[in-house]
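J.: Can you keep this structure in mind? I'll have questions shortly.
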Amino acid sequence: MEKINVGFIGVGGIAAKHLENIHNNEHASIVAVCDIDPDRVRQMGEQYGVNTYVNVDDMLQNESLHALFVCVPPFAHGVIEEKAASRGIHLMVEKPVGLNLPNVKVKEKVIADSGIICATGYCLRYLDTVAKAKEYLAGKQIAMIRAHYVTKFVPTPWYRKMALSGGQLVEQSTHTVDLIRYLAGDFRSVYTNSALNVMSDIPDIDIPDVTSVNFRMESGAVGNLSSTFIQADHQTGIEFMGRDFRVIIDGTSLHIIEKDHKVTFESEMDFYEEQDKAFIEAIRSNKKERILSTYSDAVKTLAVTLAANHSAETGQPRQLEDYILAAQG
């Protein structure tokens, strides 16, 4: 098969890693990049020797694209996905896929009806250690889940505004929520406490700096996720506990602990590269099963984080099924 012609919308942040991966993929070719920042897009255009645009419609009209990476902030999706899907362009959409559940549900239907392949940026699903954890947990009853996403503040201006980022839970800890879903099934309910306790001196900030989400899974397992950006380092992890076993994902490492036995696995892969390779291979082979995180998966993860935010606002627990039905009207 000929090389996959790839375009990019948004070339800041994580897009740099995707650009590098696609540039190094023998089966793909970057043909155009688009960004509202003319200096940034010109720099990337020169670096990769490709056409540059500051307008999405111009790029879609002028370029012959097989695939498109959508690497825009949560608030900036507009109707990019719908426009690409209507042209039969396959999509890789970075997380989170939006901030408004009714809007993303519309996108979900358009993408499904179009028949295109659509991956989303939940890269941790592609870890070799996560694959081992999923294999081990298959058929086991998980009773309790403890998770954390602890890191430092992100200085990007839109990150500090709830209306633009959805806060840390939607923008960052979404990775942890998604990995819980991938390994333990769907959430049933969430109850959240959050506050802006010690970072209120940051100009224009209105997102909480500490968040605690208590939850129950459809399986009956109970758990908690702690999320904060008040530290100087970065730590993420999830612990799944059942009778006489614990599965701990600590960063990219995996620990499986049984009553009389413990084993540790260290990851030996670049999960971003694996994710992007799987996307290109899915297009080349027309096998959607190569995609470990579909758009529908991303919508479900978004719903959990938005429901958790709503619980914090109202002080009441939220049932996921009721929240999703209410959001759809």
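J.: Could you tell me what percent of the accessible area of segment 1-150 is made up of carbon and sulfur, with a 1.4 Å probe and every protein chain present?
T.: Looking at segment 1-150 in its full context, I get 47 percent from C and S.
J.: Trypsin sites (Lys or Arg not before Pro) within segment 221-305: which are DSSP loop residues with at most 10 other Cβ atoms inside 10 Å?
T.: ARG243, LYS259
J.: Along the Cα→Cβ direction, 7 angstrom out, place labels at ALA112 and GLN235. What is the inter-label distance in nm?
T.: 4.1
J.: Which whole-number percent gives the relative contact order of the chain, counting Cα pairs below 8 Å spaced six or more residues apart?
T.: With pairs under 8 Å counted, the relative contact order is 19 percent.
J.: So for segment 133-281: antiparallel DSSP bridges make up what percent, rounded to the nearest 5?
T.: 85
J.: Rounded if a/c is under 1.5, else prolate if a/b is larger than b/c, else oblate: which is segment 229-281, with a ≥ b ≥ c the root eigenvalues of its Cα gyration tensor?
T.: Oblate is the answer for segment 229-281, as a/c is 1.5 or above yet b/c matches or exceeds a/b.
J.: PRE reach from ASN224 (point 7 Å along Cα→Cβ): which of segment 148-171 fall under 15 Å by backbone N?
T.: 148-150
J.: Roll a 1.4 Å probe over the protein heavy atoms and report the accessible area of THR176 in Å², nearest 10.
T.: We get 10 Å² for THR176.
J.: Next up: At what distance in angstrom do the alpha carbon centres of segment 140-214 and segment 266-285 lie from each other?
T.: The distance from the Cα centre of segment 140-214 to that of segment 266-285 comes to 26 Å.
J.: Quantify, in whole percent, the carbon and sulfur part of the accessible surface of segment 207-327 (1.4 Å probe; protein heavy atoms only).
T.: 45
J.: Right, another one. Taking the Cα centre of each part, how many Å lie between segment 37-97 and segment 291-329?
T.: Each part's Cα centre sits 27 Å from the other's.
J.: Dipole of the chain (Lys/Arg Cβ +1, Asp/Glu Cβ -1, origin at the Cα centre): which of ALA184, VAL150, ILE80 lies farthest to the positive side?
T.: ALA184
J.: Where in segment 24-49 is the amide nitrogen less than 19 Å from a point lying 7 Å along the Cα-to-Cβ axis of GLU2?
T.: Hits in segment 24-49 for GLU2 at 19 Å: 25-33.
J.: To the nearest 500 deg cm²/dmol, what mean residue ellipticity at 222 nm is calculated for the chain from DSSP H runs of n ≥ 4 alone, each contributing -39,500 (n - 2.57), summed and divided by the residues?
T.: Result for the chain: -11000 deg cm²/dmol, rounded to the nearest 500.
J.: Once a ≥ b ≥ c are taken as the square roots of the eigenvalues of the Cα gyration tensor of segment 1-69, is the result rounded (a/c under 1.5), prolate (a/b larger than b/c) or oblate (a/b not larger than b/c)?
T.: oblate
J.: With a 10 Å cut-off between alpha carbons and a GNM built on the chain, which of ASP270, ASP260, ASP233 moves the most?
T.: Of the options given, ASP260 has the highest mean-square fluctuation.
J.: Another question about this same structure. If you take log10 I(q)/I(0) by the Debye sum over Cα atoms at q = 0.06, 0.07 Å⁻¹ from the coordinates, which of [x] -0.21, -0.29; [y] -0.51, -0.57; [z] -0.25, -0.33 do you get?
T.: [x]
J.: Let me ask another. Got a number for the accessible area of ILE111? Probe 1.4 Å, square angstrom, nearest 10.
T.: 10
J.: Now for a different question. With label points built 7 Å along Cα→Cβ from the Cα atoms of GLN43 and SER200, find their separation and express it in nm.
T.: 3.6
J.: Hey, another quick one. Just want to confirm a number: the relative contact order over segment 36-154, from Cα pairs under 8 angstrom separated by 6+ residues, in percent.
T.: Computed value for segment 36-154: 18 percent relative contact order.
J.: Could you report segment 271-329's accessible area per residue, 1.4 Å probe, as an integer in Å²?
T.: Accessible surface, normalised per residue, equals 48 Å².
The values are calculated or read from the model by the stated rules, or taken from the named source; none is laboratory data. On a predicted model such as this, the values are computed, not experimentally measured, just so you know. No Cβ is skipped: glycine too gets one built from the backbone with ideal geometry, and neighbour counts run over all protein chains shown. The area values use the complete protein model at the heavy-atom level, side chains included, leaving out ligands, DNA and RNA. Shrake-Rupley method; radii C 1.70, N 1.55, O 1.52, S 1.80 Å.
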